[in-house]
Amino acid sequence: MARVVCIHGIGQQHAGERTLHAAWYPALTDGMVRAGAPSVLGSEDVRCVFYGDLFRPPGRTLAVQDPPLDASDVTDGFETELLLALWTEAARTDDAVVPPDARTLARTPRGVQRALNALSRSRFFAGVAMRGVILDLRQVRAYLCDPAVQEAVQQRVAAAVSEDTRVVVGHSLGSVVAYEALCAHPEWQVSALLTLGSPLGVRNLVYDRLRVGGGAEPGDRPGNVDRWTNIADEGDVVALVKDLRPLFGSRVDSHLVHNGARAHDAARYLTTAEAGRTVADGCFLG
C-alpha cells in the first residue's frame, strides 16, 4: 500500500491516475535526492488520487457548436471574487499587469473582462486561454461551494489512504482537499503534510470555507500530522498567501522557492530539496 498519497489541483480533468503518477513520482524522488535522503521510494509506494474527471463534461453527439466562454460566463459571487483576487496578486508580482483600483473592482461584466484582459498579459497565465481560466474558476467554486462535489472528492482520498500511508502531498486545490481530509480522519497515521502552491491562506474565499468536521475549526492541526511543510513560489498567483503560519500556527514550516517561468508547476515544486526532505522524513522517520 502507498506510503505517499498525492492529490492534484485544478485543470487536470484530461489527466488520470497513471498520467499524474508518471509525472509526479520521478519529480518526488528527485526532490528526495536533492535533500540527500538515505533511500528512495518505489513506484508502488506512491499513489496519485484523481478526481479531475468529476469536472469533465460527458461526451455527446455533435450538433450545434458551443459558443466560446467569455466574461459573462463568470458568475457573480465566488468566481468573480476569486478572479479579482488573482488579478490583485498577479499585479503585485508582475509589472506587466495593470493593477486593479477601487473602480475596476466593481462586480460587473466590464470589471470581469478587465480582470481577464489583465491576467492575459501576465507571465503566470501566459499561454492560458480565457476559457481555461473560466473553467478553473468553476472547478474551485464547485469543490468549495458544492457539498456533493466535495464529498465525491473526499471519498477518493479516503479510498487511497491506508494504514501504511505516512505522507500526504497536496498541490494547489489539492492542498485544500488534503487538509480537509486529514482533519476529518484523525485516525489516519499520516505524520507529514506537504502543501505546494496552496491557496489555504486566502481568507473568505478558501480559509473560512474549510470543512473540517468533528468539531474542529479552520486553522486546527490536521489530524495526526507532526510535520507540515508549505512551499510557495513568490510568483505563484494561486498561492495568494505565501506564509500560512498566521492562520495555521507556527508549526507550519514555510519556504519560498524559485520555479522559474512555471511558478505553479507541481513537478517543479516536488523536485525541490524542501519537498524531498519532508517526504523522506515523513516516510523514514515518521
- Look through the stretch 199-238, keep the residues that are more than 30 Å from V133 (Cα to Cα) and without any contact (Cβ under 8 Å) to a residue 12 or more places away in the chain, and return whichever of them is surrounded by the fewest Cβ atoms within 10 Å (Cβ to Cβ). G215
- Query: Is there any pair linking a residue in the stretch 40-68 that is over 19 Å from V5 (Cα atoms) to one that is surrounded by 10 or more Cβ atoms within 10 Å (Cβ to Cβ) and at pLDDT below 65, with Cβ under 6 Å and at least six apart or on different chains, and which?
  - Reply: none
- Message: Which residue is modelled with the lowest pLDDT, if the candidates are limited to the stretch 153-191 and must be over 17 Å from the mean Cα position of the chain (by Cα) and aliphatic (A, V, I, L, M)?
- Response: A184
- Task: Please state which one of V202, V190 is touching a strand residue (DSSP E or B) at 6+ places or on another chain (Cβ under 6 Å) and of a type outside the set (K, R).
- Result: V190
- Item | Only listed residue being of a type in the set (G, A, S), more than 23 Å from the chain's Cα centre (by Cα) and either modelled with pLDDT of 95 or more or not assigned by TED's automatic domain parsing to the domain that holds F125 (or both), chosen from G11, G42, G31 | G42
- Query: So how many residues does the stretch 247-286 have that are touching a Phe, Trp or Tyr at 6+ places or on another chain (Cβ under 7 Å) and polar (S, T, N, Q)?
  - Reply: 1
- Note on the structure: Restricting attention to the stretch 242-265, the residues that are under 22 Å from R221 (Cα atoms) and surrounded by fewer than 19 Cβ atoms within 10 Å (Cβ to Cβ) number exactly 12
- Query: Which residue out of V149, V97 is free of Cβ contacts under 8 Å to residues at least 60 places away in the same chain, among the hydrophobic types (A, V, I, L, M, F, W, C) and over 21 Å from R251 (Cβ atoms)?
  - Reply: V97
- Task: Under 6 Å between Cβ atoms, at least 6 apart or on separate chains: pull out the pairs that start in the stretch 1-12 with a residue that is charged (D, E, K, R) and end on any residue that is not in a strand (DSSP E or B).
- Result: R3/D45; R3/D164; R3/R166; R3/C283
- Quick one: count up the residues across the stretch 219-250 that are β-branched (V, I, T) and in contact with a helix residue (DSSP H, G or I) (Cβ under 7 Å, 6 or more places away or on another chain). 4
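The values are calculated or read from the model by the stated rules, or taken from the named source; none is laboratory data. Model, not experiment: these values are computed from the prediction. Using ideal geometry, Cβ is built from the backbone for each residue, glycine included, and neighbour counts are taken over all protein chains shown.
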